[in-house]
Amino acid sequence: MSIPSWVWGQSVMWLLAHLYLWARLVRGTTPARSRARRAGTAAAAALATFVPAALITPFYLDLAVSRWIAWPTTIWYGLAIYLLILLLLAEPVRLAAALIRRRRAARARPEPPDDASRRAFLARSIAVTAGAAATGIVGYGMVNALGPPRLDRVTVRLRRGGPQANGLRIALVGDIHLGPMLGRAHTRRIVDLINGTGADLVAIVGDLVDGTVEQLAPAAAPLRDLRSRHGTFFVTGNHEYLSGATEWIEELRELGVRPLLNERVELPGLDLAGVNDVTGTLQDDGPDYARALGDRDPARPVVLLAHQPVQVNEARRHGVDLQLSGHTHGGQLMPLDLLTSWAQPTLAGYERFGDTQLYVTKGAGFWGPPVRVGAPPDITIVELAI
């Protein structure tokens, strides 16, 4: 499995980010050439390798080995994110303090006072506050991320259709992200939650795995036990195309899950369609809306499974009644959800785009840090009404 270019890009970015963390947490708080400075520099250099290790090692190491690396490295990943945010928010305080010092120095006669101790006190106060706050946020976020997905329920009224579609309940789940940190027990918990709802069909809207079939087949095996009246359906997400999409599609078929690869099926009262993720275009396996949605009975409502919410733009052009998506994790890490919202029309929940309705699940797993802040994991029962 080759390492994608974005992994190298993120690794370089994080190495640079650690230079800033070192400057604020070590250089700014310790005397030059002191034992504390040397120890802090050594610790910062070691921690700077953690995020690249978390991103790169799953491509090379056995899952059992990479699991031991993944936990400490990704926890630091989460802490580093919030340390960066909090320290950057403190920069105006530093700037204001520097301006005050300059004014006092300009008025001092004959010589300005030595304010090195004041600068060190401010730097240490900010470092301790940021460290305590980041630890609290990440601890809270880990409880959210590692706990059971919340079971949400929503009713969506379709603009057309007959009585057979009325009351149909779809268990919507996405972004399960099986991998070094989320394994078979995670899948079993999700399967038991869904089976307990008595849903009429199950829709898995991509990003099921972060690893190959060889690595993760045992973790995915409980999907075989999903039970619903019309079965379980799947569409690819961007992470499937990093994990061997072709092999996973065959594995899911063996587990009784039906992939919808730019195709649709007729169910009582409606059509259920699925398109590939847009990332598949890079592997000549992208979405084909005409194939999935063309030449159908216009009197029947159509529900489209598509991994990314942004695919609603094409869904609207093809007269889709309801699109079900994931991908965003609801932002996963507030306030970084603002970045996700620039690329996607909806982060989570319900929204309407003309005659096409969109519902986005926050997902049942996580990617990167085992942390969710402001976006708890969920599984949604979408009940259709006519």
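The values are calculated or read from the model by the stated rules, or taken from the named source; none is laboratory data. A quick note: this is a predicted structure, and the numbers were derived from the prediction, not measured. All Cβ positions, even for glycine, are placed from backbone atoms using ideal geometry, and neighbour counts span all protein chains on display. Remember, those area values only see protein heavy atoms, side chains included, never the ligands or the DNA or RNA. Shrake-Rupley method; radii C 1.70, N 1.55, O 1.52, S 1.80 Å.
Please indicate, with yes or no, whether at least one residue in the stretch 262-282 is closer than 17 Å to VAL213 by Cβ and either of a type in the set (A, V, I, L, M) or out of contact with any Leu (no Cβ under 6 Å at 6 or more places or on another chain) (or both). For the stretch 262-282, residues closer than 17 Å to VAL213 by Cβ and either of a type in the set (A, V, I, L, M) or out of contact with any Leu (no Cβ under 6 Å at 6 or more places or on another chain) (or both): absent. Reported count of residues in the stretch 163-178, each being part of a loop (DSSP other than H, G, I, E, B) and closer than 23 Å to ARG189 by Cα, is 4. Selection of the stretch 179-205 for residues being part of a helix (DSSP H, G or I) and not polar (S, T, N, Q) yields ARG184, ALA185, HIS186, ARG188, ARG189, ILE190, VAL191, ASP192, LEU193, ILE194.
In the list ALA36, ALA53, which residue meets the criterion of being of a type in the set (Gly, Ala, Ser), in a helix (DSSP H, G or I) and over 30 Å from PRO218 (Cβ atoms)? Result of the check over ALA36, ALA53: ALA36. The set of residues in the stretch 350-372 being free of Cβ contacts under 8 Å to residues at least 40 places away in the same chain and in a strand (DSSP E or B) consists of GLU351, ARG352. Taking each residue of the stretch 119-144 that is over 13 Å from ARG94 (Cβ atoms) and looking for partners that are outside any helix (DSSP H, G or I) and open to solvent by 30 Å² or more (accessible area, probe 1.4 Å) with beta-carbon atoms closer than 8 Å, six or more apart or interchain, yields ASN144/PRO376.
Residue-by-condition table, conditions (1) among the acidic types (Asp, Glu); (2) open to solvent by less than 30 Å² (accessible area, probe 1.4 Å):
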residue: PRO335; (1), (2): no, no
residue: ARG352; (1), (2): no, no
residue: ASP355; (1), (2): yes, no
residue: VAL360; (1), (2): no, yes
residue: GLY363; (1), (2): no, yes
residue: PHE366; (1), (2): no, yes
residue: ARG372; (1), (2): no, yes
residue: PRO377; (1), (2): no, yes
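Of the residues contained in the stretch 270-278, one or more are found to be within 30 Å of PRO298 (Cα to Cα), acidic (Asp, Glu) and in contact (Cβ under 8 Å) with a residue 40 or more places away in the chain. Check ALA171 against each of (1) surrounded by fewer than 16 Cβ atoms within 10 Å (Cβ to Cβ); (2) touching a helix residue (DSSP H, G or I) at 6+ places or on another chain (Cβ under 6 Å); (3) under 18 Å from ALA273 (Cα atoms); (4) not aromatic (Phe, Trp, Tyr) and name the one condition it does not meet. (1) is the only condition that ALA171 fails. Among residues of the stretch 232-260 that are on the phi > 0 side of the Ramachandran plot, none has a Cβ under 6 angstrom from a residue that is among the small types (Gly, Ala, Ser) and not in a helix (DSSP H, G or I) at a sequence gap of 6+ or on a separate chain. Of the residues making up the stretch 184-212, those that are among the small types (Gly, Ala, Ser), open to solvent by 20 Å² or more (accessible area, probe 1.4 Å) and either in contact with a strand residue (DSSP E or B) (Cβ under 8 Å, 6 or more places away or on another chain) or within 30 Å of VAL65 (Cα to Cα) (or both) are ALA185, GLY198. Cβ-Cβ distances below 6 Å connect the following pairs, each with a first residue in the stretch 373-386 that is assigned to a loop (DSSP other than H, G, I, E, B), a second residue that is polar (S, T, N, Q), and a separation of six or more residues or different chains: ALA375/GLN332; PRO376/ASN144; ILE386/ASN166.
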